[in-house]
Amino acid sequence: MGKALVIGCGGVASVAIHKCVQNSQVFEEICIASRTKSKCDALKAQLDGGKTKITTAQVDANNVDELIALINEVKPDIVMNLALPYQDLTIMDACLATKTHYMDTANYEPEDTAKFEYKWQWDYRERFEKAGITALLGSGFDPGVTGVFSAYALKHYFDEIEYIDILDCNGGDHGYPFATNFNPEINIREVSANGRYWENGEWIETKPMEIKREYNFAEVGQKDMYLLYHEELESLAVNMPGLKRIRFFMTFGQSYLTHLRALENVGMTSIEPIEFEGKQIIPLQFLKAVLPDPASLGPRTVGKTNIGCIFQGKKDGKDKTYYVYNVCDHQACYREVGSQAISYTTGVPAMIGAAMVLTGKWNKPGVYNVEEFDPDPFMEELNKWGLPWVEDFNPVLVDDGQEARKQ
Ligand code: NDP
């Protein structure tokens with residue numbers, strides 16, 4: 001049916017590519033292009049032999065001309081941006097120049113400022129409309145599936161959704177005192193930033209990790225979780241009519257938080273360049289170099305993730321609550337595709353999002369977040385490709401039984 005150009009060959013891309021190859025009816029051909037071509041070649045060698053034709057290429061995705069030349073050579077129907085958030089705009093520019101559909105899993109973030117927002121990518125709306133191509137933003141798990149869950153809840157169960165709590169729980173244990181489950185630089189930038197949530201039309205800012213709750217997650221157990229800002233809050237606050245509040249919580253263990261605090265205190269998480277032995281280095285990038293590679297965590301991570309959304313709102317004038325979540329087992333993911341669940345839960349929806357565009361189910365010119373499309377075909381594919389979801393119509397709410405404790 002179609003051809004995809006995948007940019008990036010890290011943890012998320014590797015899972016997405018495994019899944020594209022499993023879904024060869026849709027992905028007849030893929031080109032894997034990244035900064036380090038040897039990684040693309042190694043993955044191709046592992047996956048070759050099936051129905052999907054695989055080629056590889058080297059590309060610097062910060063360079064629009066290089067990207068345009070590659071797209072003109074490969075002639076893909078869609079570019080799957082699975083590199084880093086820093087490359088979103090250059091890849092979108094190249095897609096515009098070549099009139100090629102675009103998708104990604106994380107919104108743009110300038111490399112020198114720890115600030116991510118959709119503003120920059122939403123500014124491309126008119127240009128994508130005029131070019132007659134689709135840009136699908138944030139098709140990972142969160143953002144991604146969390147937006148699809150929201151659209152599904154609104155379509156099938158509510159007249160109006162008033163409150164959304166997104167709960168991201170990783171009950172996995174990799175045995176290291178400190179490591180991050182995906183790109184350490186992106187992960188640490190996200191969790192060391194101030195928290196923020198949206199209530200009654202306003203953003204309310206908190207100190208990092210200021211708001212803590214406990215929650216008993218199905219198949220994982222009781223965990224501490226902390227309020228963070230997460231990018232889907234921005235788009236869902238706009239796209240869910242009548243919403244009064246939306247928050248995002250992520251679980252962290254005490255060891256992770258203690259290490260993070262110490263690293264912050266000594267300046268290792270800073271993105272300000274410093275002079276070291278005659279060379280400019282960025283402490284956070286140096287830290288990334290000494291931490292375990294997230295791709296190496298797969299074989300040693302045991303336990304499960306549980307990510308989902310709790311909705312409260314009204315149906316036929318009555319109060320209603322609904323919780324929809326996915327549980328994913330780290331070791332089962334590793335056995336299937338050689339990665340832990342964090343990459344798996346992002347890579348599978350990335351493949352599904354690209355398939356939605358390629359099959360024409362989610363194909364309209366412009367720039368869209370996932371919740372702006374019909375959720376039903378995407379929800380079906382989640383069950384089919386390894387991320388089945390569970391519904392609970394009487395969930396425990398985040399604030400039930402606990403005081404609004406502040407640390
Ligand atoms: P990795 O660091 O494992 O992989 C990034 C890949 O991008 C690497 O292959 C890297 O190349 C490549 N790359 C980086 N810069 C360039 C460049 N200038 N040109 C070409 N290739 C480049 O990251 P992850 O796989 O963990 O994350 C990928 C994306 O997924 C990120 O944007 C992340 O924010 C997002 N994400 C989204 C989630 C969601 O639920 N929505 C959850 C987790 C991640 P090299 O091998 O040479 O380093």
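Throughout, read-outs are computed from the coordinates displayed, never taken from laboratory work. These numbers were taken from a predicted model, which means no experiment stands behind them. Cβ coordinates were reconstructed from backbone atoms using ideal geometry, including for glycine residues, and neighbour counts include every protein chain displayed.
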ask   = Given H placed 1.01 Å from N in the peptide plane, which residues other than close sequence neighbours of GLU109 have an amide H under 5 Å from its amide H?
value = TYR86, ASP88
key: segment 250-307: C-alpha pair distances exceeding 15 Å, %   = 65 percent
Segments 311-318, 31-38, 240-247 sorted - mean Cβ within 10 Å per residue, highest first = 31-38, 240-247, 311-318
remark   = Rounded to two decimals, the Debye log10 I(q)/I(0) of segment 303-407 (Cα scatterers, no solvent) at q = 0.22, 0.25 Å⁻¹ is -1.18, -1.28
note = Taking the chain and counting helices only, DSSP H stretches of n ≥ 4 at -39,500 (n - 2.57) each over all residues, the nearest-500 ellipticity at 222 nm comes to -10000 deg cm²/dmol
query = Given charges of +1 on the Cβ of Lys and Arg and -1 on the Cβ of Asp and Glu, with all other atoms neutral, how large is the dipole of the chain about its Cα centre, in debye to the nearest 20?
reply = 640 debye
request  = Could you rank the peptides 140-153, 221-234, 199-212 by their average count of other C-beta atoms within 10 Å per residue, with the highest value first?
outcome  = 140-153, 221-234, 199-212
query = Along segment 150-157, what does the Karplus equation 6.51 cos²θ - 1.76 cosθ + 1.60 (θ = phi - 60°) give for ³J(HN,Hα), rounded to whole Hz, x for Gly and Pro?
reply = 5, 5, 5, 4, 5, 5, 9, 10
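Given contacts defined as C-alpha pairs under 8 Å and at least six residues apart, what's the relative contact order of the chain, whole-number percent?
The normalised contact order for the chain reaches 21 percent.
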note = Going through LYS53/LYS304; LYS37/LYS130; LYS318/LYS384; LYS288/LYS384; LYS304/LYS384 one by one, the pairs whose alpha carbons sit over 27 Å apart turn out to be LYS53/LYS304; LYS37/LYS130; LYS318/LYS384; LYS288/LYS384
Amide H contacts under 5 Å for VAL59, placed H, 5+ residues apart = SER34, ARG35
message = Which residues does the label zone of GLU117 cover in segment 355-382, counting backbone N under 18 Å from a point 7 Å along Cα→Cβ?
response = 369
request  = Could you size up the charge dipole of segment 95-169 around its Cα centre, putting +1 on the beta carbon of Lys and Arg and -1 on that of Asp and Glu, and report it in debye to the nearest 20?
outcome  = 520 debye
query = Can you list residues whose amide H is under 5 Å from LYS364's amide H, if they're 5+ apart or on another chain and H is modeled 1.01 Å from N?
reply = none
key: In sequence order, calculated HN-Hα J values of segment 347-354 (Karplus, 6.51, -1.76, 1.60; Hz; x Gly/Pro)   = x, 5, x, 5, 5, 5, x, 5
task = Average the reciprocal distances over every distinct pair of alpha-carbons in the chain, invert the result, and give the Kirkwood radius in Å.
result = 21.6 Å
task = Answer with one residue from THR90, SER38, GLY50: the one whose Cα lies farthest towards the positive end of the charge dipole of segment 16-143, charges on Cβ with Lys, Arg +1 and Asp, Glu -1.
result = GLY50
Integer Hz, Karplus 6.51/-1.76/1.60 couplings in order for segment 386-391, x for Gly and Pro = x, 10, x, 10, 10, 10
request  = Mind jotting down the three principal axis lengths of segment 1-44 based on Cα atoms? Whole angstrom, largest first.
outcome  = 28, 15, 14
task = Please give every one of the aspartates and glutamates within straight-line cross-link reach of LYS3, meaning a C-alpha to C-alpha distance under 14 Å, and leave out same-chain neighbours fewer than 8 residues apart.
result = GLU28, GLU29, GLU73, ASP77
task = In debye, nearest 20, what is the charge dipole magnitude of segment 254-374 about its Cα centre with +1 on Lys and Arg Cβ and -1 on Asp and Glu Cβ, if you could check?
result = 420 debye
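Using a 10 Å cut-off on Cβ atoms, rank the peptides 283-293, 79-89, 171-181, 332-342 from the highest mean neighbour count down.
Values: 283-293: 14.7, 79-89: 24.5, 171-181: 17.3, 332-342: 21.8.
Peptide ranking by packing, descending: 79-89, 332-342, 171-181, 283-293.
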